[in-house]
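In what follows, a single structure is set out as structure tokens and then discussed.
Every read-out reported here was derived from the displayed coordinates using simple, explicitly stated rules and does not represent laboratory data. The structure displayed is predicted, hence computed values, not measured ones. Note: ideal-geometry Cβ built from the backbone for every residue, glycine included; neighbour counts use all protein chains shown.
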Amino acid sequence: MSESGSQDAWVYMEHQAGEFTGPSLEVLAAGRKVADKLGQKLVAVLLGTNIEKLAHIAIEYGADQAIYADHAELSNYGCLQYTRVLHQMAQKKRPHAMLFVADEIGRDLAPRLAYRLETGLATDNIELEVTDYFYPPTKTTYKNLMVQIRPDFATRVARIYTPRTRPQIATVRPGNFKPLPKNPMRKGEVIRFSGSLVDSDFKVVVEGMEDLPKSGVDLQGADCIVSLGLGILKDGKGNPRNPLEAYKLANELADTVAAKWGMKVEIGSSRGLIYAGLKELEGIITVDRQVGQTGKTVSPDIYFALGISGSVQHKVGMQRSAKIVAINLNPKAPIFEIAHYPIVGDLYEVVPKIIEEIRRG
Ligand SMILES: Cc1cc2nc3c(=O)[nH]c(=O)nc-3n(C[C@H](O)[C@H](O)[C@H](O)COP(=O)(O)OP(=O)(O)OC[C@H]3O[C@@H](n4cnc5c(N)ncnc54)[C@H](O)[C@@H]3O)c2cc1C
């Protein structure tokens, strides 16, 4: 769609058993930021069955308007039906931006919709900004463009501009925005949308739903994360160390923090350490502990980075932590660019001292 006449920031809200999912509320907060910068409305978009009440709750969580399509055929997620209705909504109302959670549903819906609307899509964003943008090929300045910010495949963070078509569609990675507090006093408009489906939308039939087994590791719910990197393989003198020693040390630190400060603590890891495939850490440092671009995005109160260099792919997953304590032998390690407590030293010497200090304090 062309940019003319487009307005408002839309957020597609996922829900389960009558409640919004946490990541959807996070993306709604991201949408609030975009809408405020645009000086336009934040619109929550919902699809499903018996969801009018939920549409009102979206207003309480920060939307100015909620548009919902309520049909028996939309009771379970179906990519063709959902794409059809969203496409009809977007064609009718012409949003400026549309945000989705970067999860299984958002990653399925957003590209389908972008294709049908003939517009751009930037995936896996960790931040969104709004700014004017000069497009050299046509010497045009586009006002109020949503800039989509995400790590690229190497060492940089990319800023993506999709100036010429609307809506600007983006998926946003969970863990990067905090949901807004629910305010039952907030007022907003709730609109029912009647979409129409066609036979070919029912080529895929959902026969049943089953939850996947849940991992026992809850990085995103932790108040404190003690993360290990490849630096655990050698001490400060260059002597090889059994990685289990560092794992035990990390657990001792975790237990001390939990006992002394009453925090929920988890052990995390860089991808470097997980993919090193060390026999000693088999079944212990598993992929559900990975922090970063292709792992979890976390923002605990305290993040300990032990022997982690701080590649851009690791940093994008933990840079919103309230306090970052980094221990690294190399004073030029990139992790120190974002650490609140940079400690240059050997983790095998420094961690026992930190444990002692916390116990004493
Ligand atoms: C598409 C893509 C996606 C990726 N996704 C992720 C991701 O989600 N998460 C992630 O973590 N990585 C990810 N990576 C990998 C990333 O680029 C890095 O390779 C990885 O993070 C490095 O892990 P590391 O910091 O443990 O190891 P290294 O980079 O090898 O760093 C080890 C550090 O330990 C220090 N050190 C050594 N000995 C000690 C000691 N005794 N005491 C203290 N410090 C010591 C060293 O100075 C060094 O800085 C991705 C890469 C790509 C291309």
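Here are some notes:
- Semi-axis lengths, Å, segment 1-63, gyration tensor of Cα atoms, sqrt of 5 times eigenvalues: 22, 13, 10
- Charge context of VAL198, other residues only, Cβ under 12 angstrom, K/R +1, D/E -1: -1
- Of all the options ASN328, ASN176, ASN251, the one that moves most in a Gaussian network model of the chain with Cα springs shorter than 10 angstrom is ASN251.
- Among the listed pairs LYS92/LYS315; LYS234/LYS323; LYS214/LYS248, a Cα-Cα separation exceeding 31 Å is found for LYS92/LYS315.
- Fraction of beta bridges assigned by DSSP in segment 9-202 that are antiparallel (%, nearest 5): 35
- Multiplying each eigenvalue of the alpha-carbon gyration tensor of segment 9-202 by 5 and taking the square root yields semi-axes of 26, 19, 16 Å, largest first, rounded to whole angstroms.
- Across the options GLY292, THR256, VAL312, the greatest Cα extent toward the positive end of the charge dipole of segment 219-360 (unit charges at beta carbon of Lys, Arg, Asp, Glu) belongs to VAL312.
- Using C-alpha pairs below 8 Å separated by at least 6 residues, the relative contact order for segment 219-360 is 27 percent.
- The longest stretch of the chain left intact once loop-based GluC sites (Glu not before Pro) with at most 12 other Cβ atoms within 10 Å are removed from consideration, loops following DSSP, is 1-117.
- Ordering ARG320, ARG84, ARG359 by the number of other Cβ atoms within 10 Å of each residue's own Cβ, fewest first, gives ARG359, ARG320, ARG84.
- Cα coordinate range in the chain, projected on the principal axes (Å, largest first): 67, 52, 42
- With Cα atoms defining each centre, segment 1-59 and segment 163-225 are spaced 9 Å apart in the structure.
- Neighbours of GLN313 by Cβ distance under 13 Å: Lys/Arg scored +1, Asp/Glu scored -1, total +4.
- Charge dipole (Cα centre; +1 on Lys/Arg Cβ, -1 on Asp/Glu Cβ; no other charges) of segment 9-202 amounts to roughly 780 debye.
- Likely footprinting exposure, MET89, MET185, fewest C-beta neighbours within 10 Å first: MET185, MET89
- Segment 119-160 and segment 332-348 have their alpha-carbon centroids 31 Å apart.
- Formal net charge of residues neighbouring ALA276 (Cβ-Cβ distance under 14 Å; K, R +1; D, E -1): +3
- Over the chain: helical MRE at 222 nm, DSSP H runs n ≥ 4 each giving -39500 (n - 2.57), nearest 500: -8500 deg cm²/dmol
- Between 0 and 90°, nearest 10: helix 22-38 axis offset from the chain longest Cα axis: 70
- Share of alpha-carbon pairs per 10 Å distance bin for segment 219-360, given as whole %: 13, 48, 36, 3
- For the chain, a Gaussian network of Cα nodes joined below 10 Å ranks VAL34, VAL101, VAL206 by mean-square fluctuation, and the top entry is VAL206.
- Dipole magnitude for the chain: about 1080 debye, using +1 per Lys or Arg Cβ and -1 per Asp or Glu Cβ, origin at the Cα centre.
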